[in-house]
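Accompanying notes for the structure given below.
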Amino acid sequence: TLARIGVTGLAVMGANLARNLARHGHVVAVHNRSGSRTRALIEEHGHEGAFVACETPEEFVAALERPRRVLVMVKAGAPTDAVIERFAPLLEPGDMLVDGGNAHFLDTRRREAALRERGVHFVGCGVSGGEEGALLGPSIMPGGSAESYAALGPLLEDIAAKVDGVPCCTHIGPDGAGHFVKMVHNGIEYADMQLIAEAYDLLRQGLGMSPAELAGVFAEWNRGELSSYLIEITAEVLRQVDAATGRPFVDVVADRAEQKGTGRWTVQIALDLGVPVSGIAEAVFARSVSGDAGLREAARGLPGPPAPVAGPAGEGFVEDVRRALYASKIVAYAQGFDQIRAGSAEYGWAVDPGALATIWRGGCIIRAVFLDRIREAYAAAEQPATLLVAPYFAEALALAQRSWRRVVAAAAELGVPAPGFSSALAYYDALRAERLPAALIQGQRDFFGAHTYRRVDREGVFHTLWSGDRTEVEG
Ligand code: NBP
């Protein structure tokens, strides 16, 4: 029998997706550049379902039913182009080439346009959930044509995570839409992780709590509105004790955060789109600061707040930090969803933010109860201009407000860096402000560059003759 789908690229992600497909009863053709991975997969997991092991791309393509579905799971970048070059000539009009790697959406747009000329559907498909998700149910974000989704969707929905019986997979939009939302998903993940890290740091330094005690705090928080995969694993990591030294695991790990690049892409694209994703940007920069050993070494001797600092008070502060974390998280997600809407408008994708929140409820790294609230906000008759003004979130922010301000003030008093918490609060205050100092900036711009300004009381564009008699001219 012919295979329903083929997977090429059998490192951990590809192998686990192939197994997931096979475990769901689909015949799966498998191929890898080096045959050893293919043989290892069949040896170790061949009994889990119906695999067709293929040595060559030609053999692989011949093993697939038509129109062919080829899932590519190789390293993003040049390897993806190499695989497309190798496989595209073997495909026929109507066939589908699906890139499940972490490609940049602009690469996906380029590849989609090139393959469309040959009549081949190129589907840039975001996959989140890591190795375990790939095997047991990821969140899947396919872009590409609606026609390709009709042929691929049922298979992908079959292997995706399910929440309340709803698959965490939906057609996101044409060409690069899937990889774009996967990119922003990762950006939001950066912001969420940074906020959790700040909460930990503030409680540890502010109250002197131990990692083990903090594990308990996060486990408790995971039972409420913050309930999420990231909070859950935070408790697990904080509870871990290093076998070699007996010290808390978190104290023996070097405090330099690494990054692969999707957070940075999110911020770069947000700058191009003019969307203020300050939460994601602060998270990316915080990782950069942590990783700059030379800079940190040089600055280590700079003075902090004069001792003794009046530290925050016990139980009340724990609840303050929880509320500040929730409020800051709302801001970070609101900004991420704003970026998705801006990208969708820029590229004409018509991405449905509510559908996205729905498929992020399970399978992916940012999965959380919270996503249900976002889904509901976008299900309202009138789409909120920002999630901050959707009734549920507006109320949550109002409730958190006093705690949020106390925590940001405490961070400054203690000298504990909390860029995520403070920038989120600054964004909230900027959005709700009656007047912003941008008026002064316009004045400065007009002064040194005759950049002109608008007035609050009259239509038109104005300039003041700053180096002359300082009268105003219209023009
Ligand atoms: P890797 O990203 O480590 O890629 C290894 C695979 O790429 C191997 O199958 C390798 O073949 C193949 N490959 C390379 Br490298 N260059 C190639 C070329 N020129 N031609 C053909 N094949 C080539 O694998 P991974 O960690 O499984 O991730 C796969 C994709 O999924 C990546 O894009 C990744 O960003 C994305 N992703 C990963 C995760 C995760 O948690 N790891 C989550 C979500 C998405 P070989 O065996 O012959 O060297």
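Here residue 355 does not qualify as in contact with a helix residue (DSSP H, G or I) (Cβ under 9 Å, 6 or more places away or on another chain) and surrounded by 23 or more Cβ atoms within 10 Å (Cβ to Cβ).
Look at (1) open to solvent by less than 40 Å² (accessible area, probe 1.4 Å); (2) in a helix (DSSP H, G or I) and you find that residue 312 fails only one, number (2).
Taken together, the residues in region 341-352 that are part of a helix (DSSP H, G or I) and open to solvent by 60 Å² or more (accessible area, probe 1.4 Å) amount to 4.
Name, by its number, the condition in (1) open to solvent by 40 Å² or more (accessible area, probe 1.4 Å); (2) of a type outside the set (Asp, Glu); (3) under 22 Å from residue 155 (Cα atoms); (4) assigned to a loop (DSSP other than H, G, I, E, B) that does not hold for residue 52. Answer for residue 52: the failing condition is (4).
For region 60-87, filtering for residues that are out of contact with any strand residue (DSSP E or B) (no Cβ under 6 Å at 6 or more places or on another chain), more than 13 Å from the ligand (Cβ to nearest atom) and either touching a residue at least 12 places away in the same chain (Cβ under 8 Å) or not in a helix (DSSP H, G or I) (or both) leaves 5.
Counting residues in region 121-130 that are touching a residue at least 24 places away in the same chain (Cβ under 8 Å), surrounded by fewer than 18 Cβ atoms within 10 Å (Cβ to Cβ) and within 12 Å of the ligand (Cβ to nearest atom) gives one or more. Among the residues of region 93-104, some residue qualifies, meaning at least one is open to solvent by 20 Å² or more (accessible area, probe 1.4 Å) and near the ligand (Cβ under 9 Å from one of its atoms). All of 39, 4 fail the test of being within 15 Å of the ligand (Cβ to nearest atom), over 28 Å from the mean Cα position of the chain (by Cα) and either surrounded by 24 or more Cβ atoms within 10 Å (Cβ to Cβ) or of a type in the set (Lys, Arg) (or both), apart from 39.
Is it the case that region 270-280 has a residue that's in a helix (DSSP H, G or I), closer than 17 Å to residue 193 by Cα and open to solvent by 50 Å² or more (accessible area, probe 1.4 Å)? The answer is no; no qualifying residue exists.
Taking each residue of region 238-257 that is closer than 17 Å to residue 203 by Cβ and looking for partners that are among the aromatic types (Phe, Trp, Tyr) and crowded, with 16+ Cβ neighbours inside 10 Å with beta-carbon atoms closer than 7 Å, six or more apart or interchain, yields 238/218.
Being among the basic types (Lys, Arg), within 13 Å of the ligand (Cβ to nearest atom) and either over 20 Å from residue 184 (Cα atoms) or surrounded by 18 or more Cβ atoms within 10 Å (Cβ to Cβ) (or both) is the requirement here; does residue 109 meet it? The answer is no for residue 109. Being touching a residue at least 24 places away in the same chain (Cβ under 8 Å) and in a helix (DSSP H, G or I) is a property that holds for residue 37.
The values are calculated or read from the model by the stated rules, or taken from the named source; none is laboratory data. Being a predicted model, the structure only gives us computed values, none of them experimental. Cβ: placed from backbone, ideal geometry, glycine included. Neighbour counts: every protein chain shown. Areas reflect the complete protein model, heavy atoms only, side chains present, ligands, DNA and RNA absent. Shrake-Rupley method; radii C 1.70, N 1.55, O 1.52, S 1.80 Å.
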